[in-house]
Amino acid sequence: MSFAKVSLEEDRIGKQIVDAAFAVHHNLGPGLLESIYEICFCHELHKHDLSFQKQAAIPILYDGLRFDQGFRVDVLDEDLIVCELKAVEGGNPLYTAQLITYLKLMNKRLGYLINFNVPLIKNGIKRIVI
(Lines give C-alpha, C1' and ligand atoms only; values in the text may rest on other atoms or scores of the structure.)
Protein backbone atom coordinates (compact mmCIF):
# COMPACT_ATOMS: atom_id res chain seq x y z
CA MET A 1 0.00 0.00 0.00
CA SER A 2 1.41 3.36 -1.03
CA PHE A 3 1.18 6.42 1.21
CA ALA A 4 2.70 9.03 -1.11
CA LYS A 5 1.37 12.56 -0.75
CA VAL A 6 -1.95 13.35 -2.32
CA SER A 7 -4.06 16.49 -2.05
CA LEU A 8 -6.41 16.96 0.89
CA GLU A 9 -9.31 16.66 -1.55
CA GLU A 10 -8.02 13.37 -2.96
CA ASP A 11 -7.48 12.08 0.57
CA ARG A 12 -11.01 13.08 1.64
CA ILE A 13 -12.56 11.40 -1.40
CA GLY A 14 -10.34 8.35 -0.93
CA LYS A 15 -11.63 7.84 2.59
CA GLN A 16 -15.20 7.96 1.30
CA ILE A 17 -14.31 5.43 -1.41
CA VAL A 18 -12.94 3.05 1.21
CA ASP A 19 -16.04 3.59 3.37
CA ALA A 20 -18.23 2.78 0.35
CA ALA A 21 -16.28 -0.43 -0.34
CA PHE A 22 -16.59 -1.48 3.31
CA ALA A 23 -20.35 -0.85 3.27
CA VAL A 24 -20.88 -2.88 0.10
CA HIS A 25 -18.78 -5.78 1.34
CA HIS A 26 -20.44 -5.72 4.76
CA ASN A 27 -23.89 -5.95 3.18
CA LEU A 28 -23.14 -8.38 0.34
CA GLY A 29 -20.03 -10.32 1.30
CA PRO A 30 -17.85 -12.12 -1.26
CA GLY A 31 -18.94 -14.36 -4.10
CA LEU A 32 -21.05 -12.17 -6.40
CA LEU A 33 -20.45 -10.84 -9.89
CA GLU A 34 -18.31 -7.73 -10.37
CA SER A 35 -21.24 -5.94 -12.03
CA ILE A 36 -23.33 -6.28 -8.84
CA TYR A 37 -20.55 -4.81 -6.73
CA GLU A 38 -20.15 -1.94 -9.21
CA ILE A 39 -23.84 -1.00 -9.02
CA CYS A 40 -23.87 -1.12 -5.22
CA PHE A 41 -20.52 0.67 -4.92
CA CYS A 42 -21.80 3.52 -7.09
CA HIS A 43 -24.96 3.70 -4.97
CA GLU A 44 -22.77 4.11 -1.88
CA LEU A 45 -20.72 6.83 -3.61
CA HIS A 46 -23.97 8.62 -4.42
CA LYS A 47 -24.95 8.42 -0.73
CA HIS A 48 -21.63 10.16 0.05
CA ASP A 49 -22.56 12.93 -2.44
CA LEU A 50 -19.65 12.03 -4.72
CA SER A 51 -19.92 12.50 -8.45
CA PHE A 52 -18.71 9.58 -10.53
CA GLN A 53 -18.67 8.07 -14.00
CA LYS A 54 -19.22 4.35 -14.49
CA GLN A 55 -17.26 2.71 -17.29
CA ALA A 56 -15.46 5.96 -18.13
CA ALA A 57 -13.71 5.80 -21.50
CA ILE A 58 -9.94 6.17 -21.68
CA PRO A 59 -8.87 7.21 -25.18
CA ILE A 60 -5.54 5.97 -26.50
CA LEU A 61 -3.12 8.38 -28.15
CA TYR A 62 -0.84 6.59 -30.57
CA ASP A 63 1.34 7.85 -33.39
CA GLY A 64 -0.30 11.27 -33.26
CA LEU A 65 -3.80 9.77 -33.47
CA ARG A 66 -6.55 9.48 -30.90
CA PHE A 67 -8.43 6.20 -30.62
CA ASP A 68 -11.62 6.28 -28.58
CA GLN A 69 -11.95 2.49 -28.66
CA GLY A 70 -9.48 2.25 -25.79
CA PHE A 71 -10.02 1.09 -22.26
CA ARG A 72 -12.82 1.68 -19.80
CA VAL A 73 -12.19 2.31 -16.14
CA ASP A 74 -14.83 0.87 -13.80
CA VAL A 75 -15.44 4.06 -11.78
CA LEU A 76 -13.93 7.55 -11.98
CA ASP A 77 -14.69 9.51 -8.80
CA GLU A 78 -14.95 13.30 -8.81
CA ASP A 79 -12.83 13.27 -12.00
CA LEU A 80 -9.84 12.66 -9.70
CA ILE A 81 -9.65 9.06 -8.52
CA VAL A 82 -9.72 5.85 -10.55
CA CYS A 83 -11.40 2.80 -9.01
CA GLU A 84 -10.88 -0.59 -10.59
CA LEU A 85 -13.27 -3.16 -9.15
CA LYS A 86 -12.72 -6.91 -9.12
CA ALA A 87 -14.49 -10.00 -7.84
CA VAL A 88 -11.73 -12.57 -8.31
CA GLU A 89 -9.80 -15.24 -6.43
CA GLY A 90 -6.34 -14.10 -5.39
CA GLY A 91 -4.46 -10.97 -6.28
CA ASN A 92 -2.99 -11.05 -9.76
CA PRO A 93 -0.18 -8.47 -10.20
CA LEU A 94 -1.60 -7.71 -13.64
CA TYR A 95 -4.55 -5.96 -11.97
CA THR A 96 -2.16 -3.54 -10.27
CA ALA A 97 -0.35 -2.96 -13.57
CA GLN A 98 -3.73 -2.34 -15.22
CA LEU A 99 -4.63 0.34 -12.67
CA ILE A 100 -1.24 2.02 -12.98
CA THR A 101 -1.63 2.10 -16.76
CA TYR A 102 -5.10 3.66 -16.42
CA LEU A 103 -3.76 6.30 -14.03
CA LYS A 104 -0.99 7.22 -16.46
CA LEU A 105 -3.29 7.32 -19.49
CA MET A 106 -5.77 9.54 -17.63
CA ASN A 107 -3.13 11.76 -15.96
CA LYS A 108 -4.48 10.89 -12.50
CA ARG A 109 -2.40 10.31 -9.38
CA LEU A 110 -4.61 8.21 -7.09
CA GLY A 111 -6.36 4.93 -7.71
CA TYR A 112 -7.93 2.08 -5.78
CA LEU A 113 -7.94 -1.57 -6.77
CA ILE A 114 -10.87 -3.10 -4.88
CA ASN A 115 -11.42 -6.86 -4.88
CA PHE A 116 -14.73 -7.76 -3.26
CA ASN A 117 -14.12 -11.52 -3.41
CA VAL A 118 -12.23 -11.68 -0.10
CA PRO A 119 -13.33 -12.68 3.42
CA LEU A 120 -12.11 -9.32 4.84
CA ILE A 121 -12.45 -6.29 2.59
CA LYS A 122 -9.43 -4.60 4.17
CA ASN A 123 -7.38 -7.31 2.43
CA GLY A 124 -9.06 -6.51 -0.89
CA ILE A 125 -8.30 -2.78 -1.10
CA LYS A 126 -5.05 -1.56 -2.63
CA ARG A 127 -4.28 2.16 -2.82
CA ILE A 128 -1.97 3.24 -5.65
CA VAL A 129 -0.35 6.67 -5.94
CA ILE A 130 1.84 7.58 -8.89
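Selection over the range 1-48 of residues that are at pLDDT 95 or above, over 13 Å from the mean Cα position of the chain (by Cα) and among the aromatic types (F, W, Y) gives a count of 1. Where the second residue is among the small types (G, A, S) and the first is buried (at least 17 other Cβ atoms within 10 Å of the Cβ) and lies in the range 97-116, which pairs have Cβ atoms under 6 Å and are six or more apart or on separate chains? Between residues of the range 97-116 that are buried (at least 17 other Cβ atoms within 10 Å of the Cβ) and residues that are among the small types (G, A, S), the close pairs are L99/G111; L103/G111; I114/A21; N115/G124; F116/A87. Listed by first and then second residue, the pairs linking a residue in the range 75-88 that is touching a residue at least 40 places away in the same chain (Cβ under 8 Å) and within 14 Å of I121 (Cα to Cα) to a residue that is of a type in the set (S, T, Y) and open to solvent by less than 30 Å² (accessible area, probe 1.4 Å), with Cβ atoms under 6 Å apart and 6 or more places separating them unless they lie on different chains, are L85/Y37; A87/Y37. Among the residues of the range 78-129, those identified as of a type in the set (V, I, T) and either more than 11 Å from the chain's Cα centre (by Cα) or more than 15 Å from K15 (Cα to Cα) (or both) are V88, T96, I100, T101, V118, I121, V129. Candidates are the residues of the range 47-77 that are over 18 Å from I130 (Cα atoms) and among the acidic types (D, E); the one that is least open to solvent (accessible area, probe 1.4 Å) is D74.
If you take the residues in the range 19-46 that are of a type in the set (A, V, I, L, M) and open to solvent by less than 20 Å² (accessible area, probe 1.4 Å), which one is nearest to I100 (Cα to Cα)? Within the range 19-46, the match that is nearest to I100 (Cα to Cα) is A21.
Taking the criterion of being touching a helix residue (DSSP H, G or I) at 6+ places or on another chain (Cβ under 6 Å) and surrounded by 13 or more Cβ atoms within 10 Å (Cβ to Cβ), would at least one residue in the range 4-17 satisfy it? No, the range 4-17 has no match at all.
The values are calculated or read from the model by the stated rules, or taken from the named source; none is laboratory data. The model shown is predicted, which means the values in this text are computed figures rather than measured ones. Note that we place each Cβ from the backbone using ideal geometry, even for glycine, and neighbour counts take in every protein chain shown. Protein only, heavy atoms only, side chains kept; ligands, DNA and RNA dropped before computing areas. Shrake-Rupley method; radii C 1.70, N 1.55, O 1.52, S 1.80 Å.
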